[in-house]
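This report refers to the structure that appears directly beneath it.
The values are calculated or read from the model by the stated rules, or taken from the named source; none is laboratory data. Remember, it's a predicted structure, so these values are computed and weren't measured experimentally. Positions of Cβ are backbone-derived with ideal geometry, glycine not excepted, and every protein chain shown enters the neighbour counts. These accessible areas exclude ligands, DNA and RNA; they are computed on the full protein's heavy atoms, side chains included. Shrake-Rupley method; radii C 1.70, N 1.55, O 1.52, S 1.80 Å.
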Amino acid sequence: MIMYRRCETAEYDIGMRYYLSAADGTGGRIKTEPEDFVVTEIPKYPDERPDGRYVIASVTTRNWETNRLVRMLSRSMGISREKIGFAGTKDKRAVTTQSMSFEVSDDVLDKVSLKDVSIEKVHRSNRGMQIGELIGNRFGITVRGCTMSPCDIKDAMNSVTNDVRTLGGFPNYFGVQRFGTSRPVTHIVGEKIVRGDLRGAVDVYLSQPSEHELPDAAAARELLADRADIAGALRIMPKTMSYERIMAEHLLKRPDDDMGAISQLPTNLQMMFTHAYQSYLFNLMLSMRMEAGIPLNRPAEGDVVIPLDADRVPMHERQVIVTQKNIDLAERQLRSGKAFITISLYGTESLLADGVMGEIERKVIEAEKIESTDFMVPGLPHCTSRGSRREIVCPVNDVSYEIGETGYNVRFALSKGNYATCLLREYMKSDMISY
């Protein structure tokens, strides 16, 4: 039976209960400076059309959250947010290069001037960028303040890297950013939305405190608790609470309109609430598979596997249940890196596995006391989710690292939708706030 190292940090509470590697962690933290976390999309641009409606561009930013970036770009260009497209959201405390589209003329794009934002035109197209329209991301990440000596860091890095190579990747948890690194409440908000408790969802988002927040944010949340003094909270609310401000301003005018308060938020943030709850359930299911000692890179009867396309991107629409008749073929496909085992992202149209993995998926769903129809959210279409499946191992490409006196830099590439911090946690094994 396979034995995995148990996680003893707050990641346990978001379902990330095990590590692949038993090696001790290097400690340390990332994102001390934005330059410590460099992300460059591996793009998949729409076809070029010289007279197309959209400018396709490569946008490089420093310390910009994606939703705020879109909001400020729309203001700068004098266009609605809906005329700006992007392939994927990025971490705020980072230097990022990502693909975006703008339904504007070239001269409008040329006039944009925002601090720490540079825009390089790629071409024009008849189609704008859409979420998920990328192949993957390349990362360059610096870890500082390690608790190990350089020699021990090297041994730990080599041990973890060997474990990852043996498996063919690392456990494909949804990382801490999905839930909120310093205030992990996104999945709790999503759960309440799915259960129809919109007031509870709004109250958690506005007022649930975190020990890691600054005093002015904590004070604003205290005034927002039980909606005791929304006007007072708005007066002291820091700029970092921009989405809380949007909701609070709506509630000040319409105190009981929780649905309206949620609908004021950017559509991708509304989607993120439900997706975060689905991600939490996925993490639990993956942890339970690991706890049961079921291999991550070998199929069992009842598993659902998916193939990869020509760009090595998983084809989630082509789901195949492993049976006694096709298990040998499935194992060959997995061994050659042409397919992956998946776990349910539970939603309105989810396919559940059979066999032992199916028992695990159903056990989590039953313990949560939810049904697929709960993910159909009346009045909030962006919070409705059909569900899907997600591969349980994330392959890593081009891994390299350089070790210094008190830390190291690691470089690698991942396919889209996967979390660099879930590889870093195998190396670091630090507290959740360190990511």
**OP:** Go through segment 96-117 and give me each residue that's under 23 Å from Q270 (Cβ atoms) and in a strand (DSSP E or B).
**Re:** T96, Q98, S99, M100, S101, F102
Subject >> Subset of segment 365-376 that is touching a residue at least 24 places away in the same chain (Cβ under 8 Å) and surrounded by fewer than 22 Cβ atoms within 10 Å (Cβ to Cβ) - its residue that is nearest to N297 (Cα to Cα) >> reply: I365
**OP:** For residues that are closer than 11 Å to V204 by Cα, open to solvent by less than 10 Å² (accessible area, probe 1.4 Å) and part of a loop (DSSP other than H, G, I, E, B), tally how many sit in segment 172-189.
**Re:** 1
Subject >> segment 152-165 residues that are within 18 Å of C422 (Cβ to Cβ) and surrounded by 21 or more Cβ atoms within 10 Å (Cβ to Cβ), paired with ones that are at pLDDT 95 or above and charged (D, E, K, R) (beta carbon under 8 Å, 6 or more apart) >> reply: A156/D24; V160/E426; V164/E426
**OP:** Please go through segment 124-139 and pick out each residue that is part of a strand (DSSP E or B) and out of contact with any Gly (no Cβ under 7 Å at 6 or more places or on another chain).
**Re:** I135, G136, N137, R138, F139
**OP:** Select the helices (runs of 4 or more DSSP H) contained entirely in segment 205-313, then report the ones holding at least 1 residues which are in contact (Cβ under 8 Å) with a residue 12 or more places away in the chain and aromatic (F, W, Y).
**Re:** 242-253, 267-291
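Matching residues to (1) over 21 Å from the mean Cα position of the chain (by Cα); (2) of a type in the set (V, I, T); (3) at pLDDT 95 or above:
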position: V112; (1), (2), (3): yes, yes, no
position: R124; (1), (2), (3): yes, no, yes
position: L134; (1), (2), (3): no, no, no
position: F139; (1), (2), (3): no, no, yes
position: T147; (1), (2), (3): yes, yes, no
position: I153; (1), (2), (3): yes, yes, yes
position: S159; (1), (2), (3): yes, no, yes
Original post:
Quick one: which of R49, R68, R93 is assigned to a helix (DSSP H, G or I), basic (K, R) and touching a residue at least 40 places away in the same chain (Cβ under 8 Å)?
Top reply: R68
Subject >> Residues of segment 78-90 satisfying the condition of being in contact with a strand residue (DSSP E or B) (Cβ under 7 Å, 6 or more places away or on another chain) and either aliphatic (A, V, I, L, M) or surrounded by fewer than 22 Cβ atoms within 10 Å (Cβ to Cβ) (or both) >> reply: K83, I84, G85, A87, G88
Original post:
Somewhere in segment 398-410, is a residue acidic (D, E), surrounded by fewer than 19 Cβ atoms within 10 Å (Cβ to Cβ) and either at pLDDT 95 or above or within 16 Å of T342 (Cβ to Cβ) (or both)?
Top reply: yes
Subject >> Selected residue (criterion: modelled with the lowest pLDDT) from residues of segment 310-342 that are under 24 Å from G132 (Cα atoms) and small (G, A, S) >> reply: A310
Subject >> L423 being among the hydrophobic types (A, V, I, L, M, F, W, C) and modelled with pLDDT under 95 >> reply: no
Subject >> From E361, E366, E349, residue being part of a loop (DSSP other than H, G, I, E, B), closer than 25 Å to T186 by Cα and acidic (D, E) >> reply: E349
**OP:** Of all residues in segment 1-46, count the ones that are hydroxyl-bearing (S, T, Y), surrounded by 21 or more Cβ atoms within 10 Å (Cβ to Cβ) and part of a loop (DSSP other than H, G, I, E, B).
**Re:** 2
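Restrict the check to segment 120-133 and report whether at least one residue is among the β-branched types (V, I, T), crowded, with 16+ Cβ neighbours inside 10 Å, in contact (Cβ under 8 Å) with a residue 60 or more places away in the chain and under 28 Å from G175 (Cβ atoms).
There is no residue in segment 120-133 that is among the β-branched types (V, I, T), crowded, with 16+ Cβ neighbours inside 10 Å, in contact (Cβ under 8 Å) with a residue 60 or more places away in the chain and under 28 Å from G175 (Cβ atoms).
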